[in-house]
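**Student:** Let me give you the structure first, and then I'll get to my questions.
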Amino acid sequence: MKAVISPRALPTSDAGCFVDATLPDPGPPAGHDLRVRVEAVSVNPVDTKARMQRYGGSTGRGGEAILGWDAAGTVDAVGPEVSLFRPGDAVYYAGTIGRPGSNAELQLVDERIVSAKPRSLDWADAAAVPLTAITAYEAIVDRLGVDPEAMDRGKSVLVIAGAGGAGSMAIQIGRLLGLEVIATASRAESTDWCRALGASAVIDHRAPLAEGLKAAGHGEVDCVLLCADTDGYWPQLADVIKPQGAICSIVRTLAPVALNTLMAKCARFSWEAMFARSSFGTPDMIEQHRILERVAAWIDAGQLRSTATERLSPINAENLRAAHARVESGRMIGKIVLSGWK
Ligand SMILES: NC(=O)c1ccc[n+]([C@@H]2O[C@H](COP(=O)([O-])OP(=O)(O)OC[C@H]3O[C@@H](n4cnc5c(N)ncnc54)[C@H](OP(=O)(O)O)[C@@H]3O)[C@@H](O)[C@H]2O)c1
């Protein structure tokens, strides 16, 4: 099979940071595994971090890795315990960090973290969705504790970094679950994007958040979802959260943060790590199959859209290098996707 290899930690300024390779096909699939013929992938910040910090995607050959944690493709073969899919099914998934990723023509992935692809999307638009949709859904429902049947209608959530991949999904899913979504963005185009996805207000994260909320006619919020710079925003959180509110971050801190600042308001803090269920094989890892199914149903009903904004083809070393550089700019609006092998 064709695959794009990350040989070692190299910056995108180095033309050798990705290498086009031909590798033996993986499989046959065992247990709950599917073998998927990958048609399209997208690039997330985890790809760039894994490339430079050397975690995830290892092929087991001399430190090289197949990165890529978002894919859409066709089931090619199934393991003996597979019950949800058959060869020929069109699927989409993020996969898991501890296994070779999706930047390869064939990939093994556990069926419990895979769903049927939204029928209304092409491969590229579908590949933009899984990782950020799982992250946003788990953050809002499982960590912030928002009712999945919209019984918390009218509660507010502040989504910090609203225009990025994760924020773009959080705005849409928050709105679908009945929340009033206030997003942050710092540029005219990222502000417009957040509004188009359903944010009722957009405030500039370069200014104090409490002032931005006030100017937008809001006081404290019920929930905060941090999709950028947890260390930097932490000192402001106690000011913007309501008493007994909930805060979730998807971005690890670089230094310890003062949890005490949240005590007076009895505010709750939790992490979201979308690879946790699959990495630890939790008994409920099939929730990610269900989340992706629910997201596909929303998409096919016209209630949620793919966040793909930039497209490259084919999937090769040159285009992956360009996509990684784009994500590393920190200025993505929505997602960048790659499709086809030529
Ligand atoms: N824990 C998990 O499971 C999980 C899952 C997904 C992502 N993540 C992490 O979450 C972070 C965001 O991922 P992503 O895919 O959304 O990234 P992304 O698409 O690269 O985010 C780009 C957006 O971030 C905004 N931004 C940049 N710096 C900011 C800052 N200091 N404050 C506020 N906004 C800022 C920019 O908005 P403006 O241009 O408007 O400033 C831009 O639109 C990454 O660190 C990623 O690794 C974690």
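**Student:** Sort out which residues of segment 196-210 are part of a helix (DSSP H, G or I) and under 18 Å from residue 306 (Cβ atoms), and write them in order of number.
**Tutor:** Within segment 196-210, 196, 197 qualify.
**Student:** Out of curiosity, is residue 68 under 26 Å from residue 128 (Cβ atoms), modelled with pLDDT of 95 or more and either in contact with a Cys (Cβ under 6 Å, 6 or more places away or on another chain) or of a type in the set (Gly, Ala, Ser) (or both)?
**Tutor:** yes
**Student:** Take the residues of segment 15-35 that are touching a residue at least 60 places away in the same chain (Cβ under 8 Å) and aliphatic (A, V, I, L, M): which is nearest to residue 114 (Cα to Cα)?
**Tutor:** Only one residue fits best here, namely 34.
**Student:** Next up: Restricting to segment 161-214, name every residue that is of a type in the set (A, V, I, L, M), within 20 Å of residue 128 (Cα to Cα) and either within 8 Å of the ligand (Cβ to nearest atom) or under 18 Å from the mean Cα position of the chain (by Cα) (or both).
**Tutor:** Residues satisfying the conditions are 161, 163, 166, 169, 170, 171, 173, 176, 197.
**Student:** Of 294, 277, 268, which residue is more than 16 Å from the ligand (Cβ to nearest atom), under 19 Å from the mean Cα position of the chain (by Cα) and at pLDDT 95 or above?
**Tutor:** None of the other options fit; the residue is 294.
**Student:** Can you find, within segment 280-291, the residue that is surrounded by the fewest Cβ atoms within 10 Å (Cβ to Cβ) among those that are among the β-branched types (Val, Ile, Thr) and within 15 Å of the ligand (Cβ to nearest atom)?
**Tutor:** 282
**Student:** Do you know which of the residues in segment 242-253 that are in a strand (DSSP E or B) and under 16 Å from residue 227 (Cβ atoms) is farthest from the ligand (Cβ to nearest atom)?
**Tutor:** Restricting to residues being in a strand (DSSP E or B) and under 16 Å from residue 227 (Cβ atoms), the top hit is 246.
**Student:** Have a look at 67, 84, 158 and point out the one that is touching a residue at least 24 places away in the same chain (Cβ under 8 Å) and over 27 Å from residue 329 (Cα atoms).
**Tutor:** Residue meeting the stated conditions: 84.
**Student:** Output the residue which, of all residues in segment 135-154 that are among the aliphatic types (A, V, I, L, M) and touching a Lys or Arg at 6+ places or on another chain (Cβ under 9 Å), is farthest from the ligand (Cβ to nearest atom).
**Tutor:** 146
**Student:** Same structure again: Take segment 217-257 and flag every residue that is of a type in the set (Gly, Ala, Ser), more than 19 Å from residue 167 (Cα to Cα) and surrounded by fewer than 22 Cβ atoms within 10 Å (Cβ to Cβ).
**Tutor:** Matches in segment 217-257: 217, 219, 238, 255.
**Student:** Identify, from the list 37, 61, 54, 86, the residue that is under 18 Å from residue 315 (Cα atoms), surrounded by fewer than 21 Cβ atoms within 10 Å (Cβ to Cβ) and among the basic types (Lys, Arg).
**Tutor:** Sole residue among the options that is under 18 Å from residue 315 (Cα atoms), surrounded by fewer than 21 Cβ atoms within 10 Å (Cβ to Cβ) and among the basic types (Lys, Arg): 37.
**Student:** Can you say whether residue 157 is outside the structural domain of residue 294 (by TED's automatic domain parsing), within 14 Å of the ligand (Cβ to nearest atom) and part of a strand (DSSP E or B), as far as the supplied structure shows?
**Tutor:** no
**Student:** Right, residue 104: aliphatic (A, V, I, L, M), more than 24 Å from residue 169 (Cβ to Cβ) and either buried (at least 23 other Cβ atoms within 10 Å of the Cβ) or within 14 Å of the ligand (Cβ to nearest atom) (or both) or not?
**Tutor:** Taking the combined requirement at face value, the residue satisfies it.
The values are calculated or read from the model by the stated rules, or taken from the named source; none is laboratory data. Here the structure is a predicted model, which means the values were calculated and not measured. Neighbour counts run over all protein chains shown; Cβ positions are idealised from the backbone, glycine included.
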